[in-house]
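Asks: After the structure tokens below, expect a handful of questions from me.
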Amino acid sequence: AQSVTQLDSQVPVFEEAPVELRCNYSSSVSVYLFWYVQYPNQGLQLLLKYLSGSTLVESINGFEAEFNKSQTSFHLRKPSVHISDTAEYFCAVFSSGNEKLTFGTGTRLTIIP
Amino acid sequence: GAGVSQTPSNKVTEKGKYVELRCDPISGHTALYWYRQSLGQGPEFLIYFQGTGAADDSGLPNDRFFAVRPEGSVSTLKIQRTERGDSAVYLCASSSTGGSPLHFGNGTRLTVT
């Protein structure tokens, strides 16, 4: 069975400060990893994904995540956050042979002006 | 292009009633998923369709829940004898193939009074 752990349910960060949202997964087979974002009163949107190749993946709005197989992690980082980054962030794992996406419980990122 | 469409956006029903929630996936997407998101939680998998058939319904909580996708496109999630604990946001997602990123609709917020 696959699972995702997001240890931090809430992360407050000052504007323009760096942030890291942690994600660890458990799976016995090869995985695809995703970060989804849910802005207030909106649906889930794909932020970035790791399918294969380079372990460092980036989004168009400055977020990046690194797949670390030995630590089974896929932490999300941004060097300088903006007010508009306020949202709920969900890490998710998709395992080959298990055709469903399993989500973590989410991390609420709050940006403090 | 058009994304995943879910109707209604909000549904209020009385305990014991029957409800149907509709999902219109992205055209051409063969995989369709239903998830349920309760307050403060990540999306929980309910059922996955590949074409017309339910490939994995292991997430359906009990036999009051049923979903169909008769023509391999639109899907309906049906809940019989609703209970207050069924109150949640029901999310639908589609993808072109297994492992491809899921595209989510905005969800149907179900409230059982």
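Asks: I'm trying to understand the selection: among the residues of segment A:12-29, which are more than 13 Å from the chain's Cα centre (by Cα) and not in a loop (DSSP other than H, G, I, E, B)?
Replies: Within segment A:12-29, A:P12, A:V13, A:F14, A:S26 qualify.
Quick grid of which residues meet (1) within 14 Å of chain B (Cβ to nearest Cβ); (2) closer than 24 Å to A:A17 by Cβ; (3) in contact with a Lys or Arg (Cβ under 7 Å, 6 or more places away or on another chain); (4) not acidic (D, E):
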position: A:K69; (1), (2), (3), (4): no, no, no, yes
position: A:T86; (1), (2), (3), (4): no, yes, no, yes
position: A:S95; (1), (2), (3), (4): yes, no, no, yes
position: A:L101; (1), (2), (3), (4): yes, no, no, yes
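Asks: Yes or no: A:S30 among the small types (G, A, S), at pLDDT 90 or above and on the phi < 0 side of the Ramachandran plot?
Replies: no
Asks: Which of the residues belonging to segment B:1-42 are out of contact with any Pro (no Cβ under 7 Å at 6 or more places or on another chain), under 19 Å from B:A67 (Cβ atoms), outside any loop (DSSP other than H, G, I, E, B) and not basic (K, R)?
Replies: B:S5, B:Q6, B:T7, B:T13, B:V19, B:E20, B:L21, B:C23, B:D24, B:A31, B:Y33, B:W34
Asks: When you scan segment B:45-113 for strands (runs of 3 or more DSSP E) that lie fully inside it, which ones turn up with 2 or more residues that are within 14 Å of the chain's Cα centre (by Cα), free of Cβ contacts under 8 Å to residues at least 40 places away in the same chain and more than 12 Å from chain A (Cβ to nearest Cβ)?
Replies: B:65-68
Asks: Can you pull out every residue in segment A:1-27 that is touching a strand residue (DSSP E or B) at 6+ places or on another chain (Cβ under 6 Å) and either at positive phi or buried (at least 16 other Cβ atoms within 10 Å of the Cβ) (or both)?
Replies: A:Q2, A:V4, A:Q6, A:V11, A:V13, A:V19, A:L21, A:R22, A:C23, A:N24, A:Y25, A:S27
Asks: Considering only residues that are surrounded by 14 or more Cβ atoms within 10 Å (Cβ to Cβ), modelled with pLDDT under 95 and small (G, A, S), which ones fall in segment A:38-72?
Replies: Of everything in segment A:38-72, those that are surrounded by 14 or more Cβ atoms within 10 Å (Cβ to Cβ), modelled with pLDDT under 95 and small (G, A, S) turn out to be A:G43, A:S59.
Asks: Pull up segment A:85-112, narrow it to residues that are modelled with pLDDT under 90 and among the small types (G, A, S), then point me to the one that is farthest from A:V4 (Cα to Cα).
Replies: Taking the candidates together, the pick is A:G97.
Asks: Keeping to segment A:1-11, report how many residues are part of a strand (DSSP E or B) and free of Cβ contacts under 8 Å to residues at least 24 places away in the same chain.
Replies: So the answer is 0.
Asks: Okay, next question. Can you work out which of the residues in segment B:19-44 that are surrounded by fewer than 16 Cβ atoms within 10 Å (Cβ to Cβ), farther than 22 Å from A:Y36 by Cα and within 15 Å of the chain's Cα centre (by Cα) is nearest to the other protein chains (Cβ to nearest Cβ)?
Replies: The extreme case among them is B:R22.
The values are calculated or read from the model by the stated rules, or taken from the named source; none is laboratory data. Quantities reported herein were computed from a predicted structural model and do not represent experimental measurements. A quick note on method: Cβ atoms are made from the backbone with ideal geometry, for glycine too, and the neighbour counts reach across all protein chains shown.
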